[in-house]
1. Given the conditions (1) of a type outside the set (K, R); (2) at pLDDT below 75; (3) in the same structural domain as K200 (by TED's automatic domain parsing), report the number of the one that W77 does not fulfil.
2. Would you mind telling me which numbered condition in (1) assigned to a loop (DSSP other than H, G, I, E, B); (2) of a type in the set (D, E); (3) modelled with pLDDT of 95 or more E670 fails?
3. Has region 354-367 got any residue that is in contact with a helix residue (DSSP H, G or I) (Cβ under 9 Å, 6 or more places away or on another chain), assigned to a strand (DSSP E or B) and modelled with pLDDT of 95 or more?
4. Restricting attention to region 491-538, which residues are surrounded by 15 or more Cβ atoms within 10 Å (Cβ to Cβ) and hydrophobic (A, V, I, L, M, F, W, C)?
5. Test each condition in (1) of a type in the set (A, V, I, L, M); (2) touching a Pro at 6+ places or on another chain (Cβ under 6 Å); (3) not assigned by TED's automatic domain parsing to the domain that holds L534 for V592 and report the one that comes out false.
6. Being charged (D, E, K, R) and buried (at least 17 other Cβ atoms within 10 Å of the Cβ) is the filter here, so list the residues in region 573-597 that pass it.
7. Among A607, A541, A546, which is more than 30 Å from the chain's Cα centre (by Cα) and buried (at least 24 other Cβ atoms within 10 Å of the Cβ)?
8. Just to be sure before I move on: is V291 of a type in the set (A, V, I, L, M, F, W, C), within 25 Å of S97 (Cβ to Cβ) and buried (at least 22 other Cβ atoms within 10 Å of the Cβ) in the structure I sent?
Amino acid sequence: MFLHFRQPSYTVKRKGKEIDIEEIFLDKLARQKEQENNMENIRLEKPLNTKSFFALISGFSFIFFVFAFLSFRLQIWEHQKYALWAQKNNSLITRFSAERGIIYDRNQTALVKNETQFNFYLNRQKLDSSLSEQEAINHINNIFGWQISAPKMNDLNLFSTTSDNATSPDPFLLIKENISQQDLVLWETKKEEIPFGEVKKQIVRRYQSDACLGHILGYIGKISPQEWENIQLASSTPYELTDYIGKQGVEKFYEQILREKKGVMQIERDARGNQLSQRLISQPSSGDHLVLNIDLALQKKIFFALQNTLSEIGKQKGAAIAINPQNGEILAMVSLPCYDNNLFSSNSASQDLEKLVNNKTAPFLNRVVSGLYASGSTIKPFIASAALEEKIISSQTTLFCPLKICVPNIYQKGKADCFPDNKFHGWTDVKRAIAESVNPFFYIIGGGYTAPSPSSAFYQPDLPKYFKGLGVERIKNYLSLFNFGQKTNIDLPSEAQGRIPDPQWKESFFSTPLAQKWYLGDTYNLSIGQGYFLTTPLQLAVAYSAIANGGKIIKPHLAKAILNASNGNVIKEFTPEIIRENFLSANTLQIVRQGMRQAVFSPAGSAFSLSALSVPVAAKTGTAQAYGAKEMYNNWIAVFAPYEKPEIVLVVLIEEVPGLRGSAQKTAKEILSWYFSAQKNSPKKEKEQPLSPLATSTDISFEPETSPDFPRNEQPSSAPGAGWETVPISTTTDNISPIDSLVPASTSSVSSTPASSSPSH
């Protein structure tokens, strides 16, 4: 019997698992290896220390609080703001226009009105990529029977940029303006076949086109970014970059009066942009109407008379203005050549506009307001007024007036500078000097005279040995009192200031010492309206109005009244504004007026042909050498009538008249003969009626006026709509734009270089 003893087990127990002896042995070997290689302190895992733990917790906490704060701000603090934004995403605010105010003449005849037309556009954004623009246009032509070609299309859109710095083309390409009612009906039935076509309504401005009113009325055009920035400061109602504004004439000056007030509509949309509802926020209202002092019949007569005179002498440039001297109302204003402001309506007229811009006769220049000219002898009544006021002469003073006056040349001994007249006059008083336009008389009273020694070849014994004239400073002072050399502040843009030269001006204008010096000859030239003196026909009319009305400088104005657009009632009437008065004595005015009257009734008078008129008139003629045109003269006349109680001052200028013809005088006679004719003085014209409330624009007949006062060959066309054309005033597209950058804002028709002294009548 054998006893069996169990071998002991060398196993270490640990929680959850027993460890075999082999594992202990292997761990021991590994530890020895670590000690040999000094690796016992290198561990793959180390415990996280307290500092790092708190930093990590703080970072996560900060991020959490930031997100919590932003969420709180968005949902609580700024809830209203973002809710409004969300509302805007599903609502659309749209503005729609009313009509611009109507412009009338003094007899309540419409000079401009508004019409609605429909234009056809190609929407590039809806054009399929497989179809070219030309192919689309051909498709449109086939449906409507039109013949719009690619070149025509380009002409139509030549001036269609929406802003000065536009970088992308307008998505709407104008195909045809003012499509017919038949085409509108066809469009409604063919919409599905032309998905890229659109018809848009457009309100257009329609101007009288047969009375040379372009310079007065002006025109409208799309607002430029620069204009938009400037006009925002002056307007209580903001503009949009798609708006049309007045660019020239009374359309520009009275922009805030004529401008319509837009209506506002809110449209609710769903997430897909479909309209759900609409709500009217504010009603649109038309601009107020403007009544001008212009008499359309007189305007037409002056236009025809001036045009006929220019045609007879083969010239194109002239100007005329008629003004009421008692209140400054401008009755007519014509500048030739004029331009048709309706050209700015049609995109297809771009070539015509470019021709006008490049025309050397400057048709865009309003010669009445912006043209600068030497006045010639029309200045003489004002020089006489100054001499009478300064007691240099009296009505009895007589001066010997030879064919020419010569004064020694201060730089060349033995030589003289001579200042001529057109004929010998002998002993002359101031009335005769005005009536016969005697140059030597005004040389002497203007610049004075010192006789040379009796032994001189230029000595004339009948001339005074010494006569102290006004001198340049006193001449300038009195011309300034008559409002020369300064703007009249007429209610039109781009008025020229004019110039009264003096030694200070000459020194600053020229660069060489010899040219900078003021000479006696400069004063002589100034005394007869030659040399460096420049004025506008408007300034001359204002100055002669003072002689006619008893010595009052009255601000000229085109506007007569503003009328309410809804009921036609008068909102405001423009009253005369006296700029200056009581600077001339009654005696001075009487003498000067008598001299001008003598110019008409005396056979030797410079305006004797006007003596045939049915009413007594007073006048002064003038002739000034045209700059740069040999043997060509600018021919002037200024007239007021009737003599005792003047109601009209007429100034006429004919440019570049060959020789010394009386072209302006002939024109004035024709105009005044018509003005004072039996037809003009019919009972309805004898006394102007007060303004009555006007009908709204939709109630007014706009057929062009035909007057029995015109000869048969001057009658405007009697065809319906004759004399009327259209100009856009508002549109939902950006295709129609004026070319203001090409149109001179204000240019002078003459150079500042002086004309040489010449016969001045």
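The values are calculated or read from the model by the stated rules, or taken from the named source; none is laboratory data. Given the structure is predicted, the values throughout are model-derived calculations rather than measurements. All Cβ positions, even for glycine, are placed from backbone atoms using ideal geometry, and neighbour counts span all protein chains on display.
1. The number of the failed condition is (3).
2. For E670, the exception is condition (1).
3. no
4. L492, A496, I500, W505, W518, L520, L526, I528, F533, L534, L538
5. V592 satisfies every listed condition except (3).
6. R593, R597
7. A607
8. yes
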